[in-house]
Amino acid sequence: MSVTLSRTPEVTPERGNNILNKIFRFFHVRPIYVVLRTMLRVPTTNLYHPIHVSHSQYPYVAERYRGLLALSEEACTGCKKCERICPNKTIIMQTREINGKEYRFPAYFAGRCMKCGLCEEVCDRQFAIRHTDQFEDAGYIREQLFYSAERMFDMWEKHIQPRIDAGIAHVAVPDKRRVEKEYFAEQEEKRKEQDKADPRIY
């Protein structure tokens with residue numbers, strides 16, 4: 001059975017099929033021109049948000065982005081809620097000694113973390129454990145992906161505490177067992193003022 005076409009396909013000549021264009025295509029003149037033009041041009045975009053430059057060394061990312069976890073040493077009570085709710089069972093509790101007393105703090109393996117944010121939501125200390133804007137979570141060996149309590153404390157001091165000082169993040173409620181009463185009252189007043197100024201701050 002033969003199939004007849006409704007119309008005969010037309011073969012159109014190649015656009016600009018002169019000798020000069022053939023030479024340009026052979027020596028790749030136009031791609032080289034585009035590369036040189038973009039390579040020498042000053043970039044017009046700014047990766048660093050003007051508000052975030054003073055308290056972050058990383059490019060601006062969306063506020064809803066969930067990066068590596070940080071932990072507040074003053075606010076965490078070791079209640080194990082984050083460990084129980086973690087769907088991947090990546091959070092484990094570690095014991096640390098502070099002023100002669102033992103306290104439990106969470107640690108986690110970043111390689112299994114799905115960044116769901118449930119550990120933030122379940123925390124009853126105003127997000128004592130929080131996601132940062134740190135997105136560089138690659139490592140050469142598996143041990144580099146394990147974040148102990150000390151590494152999470154460092155992440156807090158590096159990424160969360162400057163935001164709290166700048167007034168764009170919530171103050172975590174400190175633990176009365178390890179923090180002086182005067183400091184606890186000061187942080188509580190600061191948190192209440194932030195709630196009145198902008199209740200959307202988290």
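The values are calculated or read from the model by the stated rules, or taken from the named source; none is laboratory data. Everything numeric in this text was worked out from a predicted model, so none of it was measured. Note: ideal-geometry Cβ built from the backbone for every residue, glycine included; neighbour counts use all protein chains shown.
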* Just wondering, is there one or more residues in region 112-126 that are more than 17 Å from ILE160 (Cα to Cα), at pLDDT 90 or above and in contact with a Ser or Thr (Cβ under 7 Å, 6 or more places away or on another chain)? -> yes
* Does any residue in region 99-128 that is at positive phi and small (Gly, Ala, Ser) come within less than 7 Å, Cβ to Cβ, of a residue that is crowded, with 19+ Cβ neighbours inside 10 Å and assigned to a strand (DSSP E or B) six or more places away or on a different chain, and which pairs are these? -> GLY117/HIS131
* To do: Sort out for me the helices (runs of 4 or more DSSP H) sitting completely within region 90-202 that have 1 or more residues that are in contact with a strand residue (DSSP E or B) (Cβ under 7 Å, 6 or more places away or on another chain), under 15 Å from THR77 (Cβ atoms) and of a type in the set (Gly, Ala, Ser).
  => 149-155
* Which ones in region 140-176 are loosely packed, with under 14 Cβ neighbours inside 10 Å, of a type outside the set (D, E, K, R) and modelled with pLDDT under 85? -> ALA166, GLY167
* What is the residue count in region 110-139 for residues that are surrounded by fewer than 16 Cβ atoms within 10 Å (Cβ to Cβ) and either over 13 Å from CYS82 (Cα atoms) or among the polar types (S, T, N, Q) (or both)? -> 8
* Structure fact -> Of the residues in region 177-193, those that are in contact with an Asp or Glu (Cβ under 6 Å, 6 or more places away or on another chain) and surrounded by fewer than 14 Cβ atoms within 10 Å (Cβ to Cβ) number 0
